[in-house]
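The values are calculated or read from the model by the stated rules, or taken from the named source; none is laboratory data. What you see is a predicted model, and the numbers here were worked out from it, not measured in a lab. Using ideal geometry, Cβ is built from the backbone for each residue, glycine included, and neighbour counts are taken over all protein chains shown. All accessible areas refer to the heavy atoms of the entire protein, side chains included, with ligands and DNA or RNA removed. Shrake-Rupley method; radii C 1.70, N 1.55, O 1.52, S 1.80 Å.
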Number of protein chains: 4
Amino acid sequence: MNKIKIGIIGGAGYTAGELLRILIHHPMAEIVFVHSKSNSGNKIYDVHDDLFGDTNLVFSNHFHNEVDVVFLCVAHGESKELVKQFDNSIKIIDLSQDFRLISDGNSFVYGLPELNREVIKIAQHVANPGCFATAIQLALLPLAEKKLLQSDVHITCITGSTGAGQSLSETSHFSWRQNNLSVYKAFTHQHLAEIGQSIVFAQPDFHHSINMIPQRGSFTRGIMASMYLTCEKSLDDIQNIFEKKYEKHPFVFVSKKNIHLKQVVNTNKCLLYLEKQDDKLLIVSIIDNLLKGASGQAVQNMNLLFGLEETMGLKLKPSAF
Amino acid sequence: MNKIKIGIIGGAGYTAGELLRILIHHPMAEIVFVHSKSNSGNKIYDVHDDLFGDTNLVFSNHFHNEVDVVFLCVAHGESKELVKQFDNSIKIIDLSQDFRLISDGNSFVYGLPELNREVIKIAQHVANPGCFATAIQLALLPLAEKKLLQSDVHITCITGSTGAGQSLSETSHFSWRQNNLSVYKAFTHQHLAEIGQSIVFAQPDFHHSINMIPQRGSFTRGIMASMYLTCEKSLDDIQNIFEKKYEKHPFVFVSKKNIHLKQVVNTNKCLLYLEKQDDKLLIVSIIDNLLKGASGQAVQNMNLLFGLEETMGLKLKPSAF
Amino acid sequence: MNKIKIGIIGGAGYTAGELLRILIHHPMAEIVFVHSKSNSGNKIYDVHDDLFGDTNLVFSNHFHNEVDVVFLCVAHGESKELVKQFDNSIKIIDLSQDFRLISDGNSFVYGLPELNREVIKIAQHVANPGCFATAIQLALLPLAEKKLLQSDVHITCITGSTGAGQSLSETSHFSWRQNNLSVYKAFTHQHLAEIGQSIVFAQPDFHHSINMIPQRGSFTRGIMASMYLTCEKSLDDIQNIFEKKYEKHPFVFVSKKNIHLKQVVNTNKCLLYLEKQDDKLLIVSIIDNLLKGASGQAVQNMNLLFGLEETMGLKLKPSAF
Amino acid sequence: MNKIKIGIIGGAGYTAGELLRILIHHPMAEIVFVHSKSNSGNKIYDVHDDLFGDTNLVFSNHFHNEVDVVFLCVAHGESKELVKQFDNSIKIIDLSQDFRLISDGNSFVYGLPELNREVIKIAQHVANPGCFATAIQLALLPLAEKKLLQSDVHITCITGSTGAGQSLSETSHFSWRQNNLSVYKAFTHQHLAEIGQSIVFAQPDFHHSINMIPQRGSFTRGIMASMYLTCEKSLDDIQNIFEKKYEKHPFVFVSKKNIHLKQVVNTNKCLLYLEKQDDKLLIVSIIDNLLKGASGQAVQNMNLLFGLEETMGLKLKPSAF
């Protein structure tokens, strides 16, 4: 089988960097171009400097159609324009939020393999989910699929600084963020739309509130979403439901011991932990926001699009510490 | 006026250290003894080594009654025994949780000045509140006093590592905790008891759940408690209620701008921030767990017990960064 | 005695913020204006938001001569212009590097109290030392004054992120700096000039190299300078020399136990530690870069200029953790 | 070719954990036993919990000779005893310091591939180098091999907390180490012996001092060693020497741009950066202490011992942030 010819648009950002870190060691990947307006002519490692010694690729200032798949790593809003510039025969994986919501004329499949694997396999265009949305959906979908979301859901989700990308701002300044914590976009985070869409798809009668309090944490990588709801089932029953749901999904695991964020950092895994207190069910979900929450999941989707082993190139050494 | 003669029991722990950092610059404090079983004979700065150059005090292996007030900085459970060893004439401020709950024979006043200032002023024994309990009560009491707690309350509260004291454990290991995050004691944290006691005291008809999800954060000092509930009042009305409640309390402030934890680190302040989304009211409350959440509040209580200016010795320079 | 009327220029930066944190609790300080071009009309706490609740001062867009002293907290190069706009009767403390080096027409006294206390007391204009320069000079001056600098000096000095101010840059981005470390300006840091000037002043025959390797550390506040040189004296003799040198200086202390940076964070102290290995003398020097390395020392200088107790307003609670 | 049968002794420590993270994805590795006295019967992921979902291996309480290679991940001093318990036919890679120094009866080859690759290939026993020793030797050996070490060498090397292993101590406590920095073992670190041995091996006439100031940094993974010496050669000449030295070594790279620690974290790479100021040559060397400084290098040695591609299993995704 020939290698997959790959183009990347928006190559200088964090998600593109993470994509490159995965793809340069992916046995079936051939990177054909890495497009960046601002860095054209520079070496990849001039921007993603941890790749010094690993690749001599250069950013290019144009892109073309001689590829099998294109990853769009651009700002929200830009993907809509870019898509028009590629032939219909080229597969597209969009990491922005432009195509995540179902609408007339939107040909993109929502790329959460644990929800849509079979459809992704035959898709042409994939909208890669948001980072918070991934962590939260993987925690709630097993229940939704059993129509067990029968109360409001109360979520606090805390993200590392890489979730905000490489742009400089007060809240990404080290002197500000080190040892700090803050709430933002309470109840209104844009990922609620895609979460709600998937929940209702799985459990059409769902009519409760999903309350989401995002926070900025004092760490670089990772998302921890902790959430609770009312649930009459026993912990055993719920654990069975979760384990069954994920037994054939290679990146999601249900831990019977309490979990902590660094168990998944620098991996494509999601770990889930369940606990019951009276009729309250607590679910904790952890992912690496740049991997399962972005570029790792994008490669997982690429593997599915091209009939490869779903885990190919994604058996990553955790950083652990 | 004579200086206040002070004894400290359990002098080698984090809360005693913080107490010493405050008291050695307090204009009315005279530290008579600092008791520590394990460190008897050592200099204070051998243990609290940031005090090198500030004091030559020595830990002693016995305590006595020639003081005006004793601070108990011992493990939960030990205060009950210690109290018996002091004359009735000596005022006691207990930082453990032994005397926080009302019960037969418990002579201690619950030492949250924003709830009990007038009673503290005439008290003999004060039970200093817990750190989470302080942050959460200051956020909820203004509503409870107006009988406005009319729904479940959903709280996530994240603490710095100093909240767990100086004992060594896996979750206090730097290699583990740096860049990490985890949930513990979900719905069951021991501070719920004192929170509930104060809420019901202020709003006797309160009958909803207070759901509390504590988390270990990747920082050393501080607590951020974010919580929400259903409330029909307008944001303006609620802000007025909070401002009125705290206008005569020198350490609690209501911010109209969003807040972040480091605004209060190394101070005795509590900052509150309010936001409404439809009928949901979000309250964010931040304190330094070792100051307003422990030793700072203990000195505030001492000031009240002895008729001093409530802020004496507590106008601390924030560390800010 | 009347309070000292104070003006601050460049009020929105880190050093001005730190100055305000000290001065609002300084018993003899009256802040008359805080000038900021970019923030005129805003509250001080809009920028230095940890001061919310502590002050209602407002930034002004002009400055004037109705003050006793002006602090210049502006970028290097700007002080030279500003100085001309103040009457000769007004004392000036400049935190930039514009006036630190002796030259024709430079009326500023180098404001290191441990070197120049008596001259500062009668000065009109003070050039506040640089942060690295402070840490290093306090380590070397006791030797220089005894003509004991008889070899090259090898220095590594590591600074927290606040040393680079509040401007946003790649190396101040949290995602970059957290858990990171890097060397910059090896052998060429601009503070070498003022260090050399003081050393030669104290030991005119000094003719060796001072090698300085500055590094960016993964922390917010503080500087640790570790350095070594050849020295024939015994450790006891050297310790005596250091202790004698600093016995009347209230902020510098010689520790016989090894030290660590957080012993001085959020204080105006400098701690020194000495160790000998054969004929090599190691000196470790720690300060808070924003306090003894900048604004704390500026207030120390103000105290000297106005005949106040040198420590007034500077007995700060360490943050310790 | 058959897979390599592997035994690991001391399986619960940090270096064994890191070894497991690499070996479970190594295409030629078959882990036969992971020995741990304290954890016998437990799952690997009970201790190294980031491996949950990756392996179901269990710690065993005995080891045997049915393996091709044994990794000793035990405390210094224990390897000497353990070695006797394995057949001569079994290859041994020792991560302790027991066999790093040449002595009568020591059959171990010093396992720095960039110094000893050809000898390692035919060795039976390999002594894996120390972490500081690796970073420093890779910086100095290119010069030593050209007899260019003609002055004292001045080294500051800063290590992350994982360098001290998983034992709990004051300096590994999060509340202590976060935002902190300290010097230890100045001039006397035990790695100086192996560094000196290699330097003299490469440049027998070397007779200068190697001054080494180790420090504890506020980060978890990595070592940065910065050092300088006197060197008359031009920067171009030296860069050529370094590039030539390492052109056939797949993990060591010479950067013409300044470097920072996180470029190598979670990789087996060493990056070197050179700079000249007059006759002073600065060399900065960075590695991940647990990988190129321990377990990664151990696998590199295993690859050499068994005639595999040197990089097999070691093309790791950097964590970058």
In the stretch B:140-185, anything closer than 22 Å to residue A:289 by Cβ and among the charged types (D, E, K, R) is listed as B:177
Mind listing whichever residues of the stretch A:262-321 are among the charged types (D, E, K, R) and more than 28 Å from residue D:19 (Cα to Cα)? A:275, A:276, A:278, A:279, A:280
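Please work out if residue D:292 is within 14 Å of chain C (Cβ to nearest Cβ), closer than 27 Å to residue C:217 by Cβ, charged (D, E, K, R) and assigned to a helix (DSSP H, G or I). Outline the logic, then answer.
Numbers: within 14 Å of chain C (Cβ to nearest Cβ): no; closer than 27 Å to residue C:217 by Cβ: yes; charged (D, E, K, R): yes; assigned to a helix (DSSP H, G or I): yes.
Against the criterion (within 14 Å of chain C (Cβ to nearest Cβ), closer than 27 Å to residue C:217 by Cβ, charged (D, E, K, R) and assigned to a helix (DSSP H, G or I)), residue D:292 does not qualify.
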Within the stretch D:309-320, is there a residue that is out of contact with any helix residue (DSSP H, G or I) (no Cβ under 8 Å at 6 or more places or on another chain), open to solvent by 10 Å² or more (accessible area, probe 1.4 Å) and under 14 Å from residue D:250 (Cβ atoms)? yes
Of those in the stretch D:109-121 that are open to solvent by less than 20 Å² (accessible area, probe 1.4 Å) and touching a strand residue (DSSP E or B) at 6+ places or on another chain (Cβ under 9 Å), the residue farthest from residue D:9 (Cα to Cα) is D:114
What about residue D:195, is it open to solvent by less than 20 Å² (accessible area, probe 1.4 Å), assigned to a strand (DSSP E or B) and either out of contact with any Cys (no Cβ under 6 Å at 6 or more places or on another chain) or facing chain C (nearest Cβ under 8 Å) (or both)? no
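If a residue must be at pLDDT below 95 and out of contact with any Ser or Thr (no Cβ under 6 Å at 6 or more places or on another chain), how many such residues does the stretch D:64-77 contain? Give the derivation first.
If we filter the stretch D:64-77 for residues that are at pLDDT below 95, which is where we start, we get D:75-77.
Next cut, out of contact with any Ser or Thr (no Cβ under 6 Å at 6 or more places or on another chain) only: D:75, D:77.
Number of matching residues: 2.
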Of all residues in the stretch A:202-215 being in a loop (DSSP other than H, G, I, E, B) and either in contact (Cβ under 8 Å) with a residue 12 or more places away in the chain or not assigned by TED's automatic domain parsing to the domain that holds residue A:276 (or both), which is least open to solvent (accessible area, probe 1.4 Å)? A:203
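When you scan the stretch A:41-49, do you find a residue that is more than 12 Å from chain D (Cβ to nearest Cβ), of a type outside the set (Phe, Trp, Tyr) and touching a His at 6+ places or on another chain (Cβ under 9 Å), even just one?
At the first step, the residues of the stretch A:41-49 found to be more than 12 Å from chain D (Cβ to nearest Cβ) are A:41, A:44.
With of a type outside the set (Phe, Trp, Tyr) added as a condition, the list becomes A:41, A:44.
Then keep just the ones that are touching a His at 6+ places or on another chain (Cβ under 9 Å); that gives none.
Looking for residues that are more than 12 Å from chain D (Cβ to nearest Cβ), of a type outside the set (Phe, Trp, Tyr) and touching a His at 6+ places or on another chain (Cβ under 9 Å), one finds none in the stretch A:41-49, hence no.
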Selection within the stretch B:78-105 - open to solvent by less than 80 Å² (accessible area, probe 1.4 Å), polar (S, T, N, Q) and either touching an Asp or Glu at 6+ places or on another chain (Cβ under 8 Å) or at pLDDT below 95 (or both): B:79, B:96, B:97
Sort out which residues of the stretch A:216-271 are of a type in the set (S, T, N, Q), out of contact with any Asp or Glu (no Cβ under 7 Å at 6 or more places or on another chain), in a loop (DSSP other than H, G, I, E, B) and touching a residue at least 40 places away in the same chain (Cβ under 8 Å), and write them in order of number. A:218, A:220, A:234, A:268
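Could you run through the stretch C:216-225 and say how many residues are facing another protein chain (nearest Cβ under 7 Å) and open to solvent by 10 Å² or more (accessible area, probe 1.4 Å)?
First pass over the stretch C:216-225, keeping only residues facing another protein chain (nearest Cβ under 7 Å): C:217-221, C:224.
The next check asks that each one be open to solvent by 10 Å² or more (accessible area, probe 1.4 Å); those that pass are none.
Looking only at that region, the number is 0.
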Go through B:269, B:262, B:233 for me and flag whichever is of a type in the set (D, E, K, R) and either within 26 Å of residue A:282 (Cα to Cα) or surrounded by fewer than 24 Cβ atoms within 10 Å (Cβ to Cβ) (or both). B:233
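Residue-by-condition table, conditions (1) aliphatic (A, V, I, L, M); (2) in contact with a strand residue (DSSP E or B) (Cβ under 9 Å, 6 or more places away or on another chain); (3) under 26 Å from residue D:289 (Cα atoms):
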position: D:40; (1), (2), (3): no, yes, no
position: D:48; (1), (2), (3): no, no, yes
position: D:62; (1), (2), (3): no, yes, no
position: D:79; (1), (2), (3): no, yes, yes
Of everything in the stretch D:1-30, what is in contact with a Lys or Arg (Cβ under 9 Å, 6 or more places away or on another chain) and part of a helix (DSSP H, G or I)? Give them in sequence order. D:18, D:21, D:22
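Looking at the stretch D:135-153, is at least one residue under 22 Å from residue C:223 (Cβ atoms), more than 19 Å from the chain's Cα centre (by Cα) and of a type outside the set (Lys, Arg)? Give the steps one after another, and end with the answer.
Here is the first cut: in the stretch D:135-153, the ones under 22 Å from residue C:223 (Cβ atoms) are none.
Scanning the stretch D:135-153 turns up no residue that is under 22 Å from residue C:223 (Cβ atoms), more than 19 Å from the chain's Cα centre (by Cα) and of a type outside the set (Lys, Arg).
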Looking at the stretch B:30-39, is at least one residue within 12 Å of chain C (Cβ to nearest Cβ) and buried (at least 22 other Cβ atoms within 10 Å of the Cβ)? no
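Can you find, within the stretch B:236-259, the residue that is surrounded by the most Cβ atoms within 10 Å (Cβ to Cβ) among those that are within 14 Å of chain A (Cβ to nearest Cβ) and farther than 21 Å from residue B:314 by Cα? Steps first, answer last, please.
Restricting attention to the stretch B:236-259, the residues satisfying the condition of being within 14 Å of chain A (Cβ to nearest Cβ) are B:255, B:257-259.
This time we only want the ones that are farther than 21 Å from residue B:314 by Cα, so: B:257-259.
Values: B:257: 11, B:258: 13, B:259: 23.
Among those residues, the one meeting the criterion is B:259.
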Between residues in the stretch D:15-35 that are farther than 24 Å from residue D:165 by Cβ and residues that are of a type outside the set (Gly, Ala, Ser) and buried (at least 20 other Cβ atoms within 10 Å of the Cβ), which pairs lie under 8 Å by C-beta distance while being six or more apart or on different chains? D:28/D:4; D:30/D:4; D:30/D:6; D:32/D:6; D:32/D:67
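Quick one: which of C:49, C:104 is farther than 24 Å from residue C:167 by Cβ and over 20 Å from the mean Cα position of the chain (by Cα)? Step through it out loud before you land on a result.
Numbers: C:49 fails: farther than 24 Å from residue C:167 by Cβ.
On inspection, the qualifying residue turns out to be C:104.
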Exactly one condition in (1) of a type outside the set (Val, Ile, Thr); (2) in contact with a helix residue (DSSP H, G or I) (Cβ under 9 Å, 6 or more places away or on another chain); (3) assigned to a strand (DSSP E or B) is not met by residue B:33; state its number. (2)
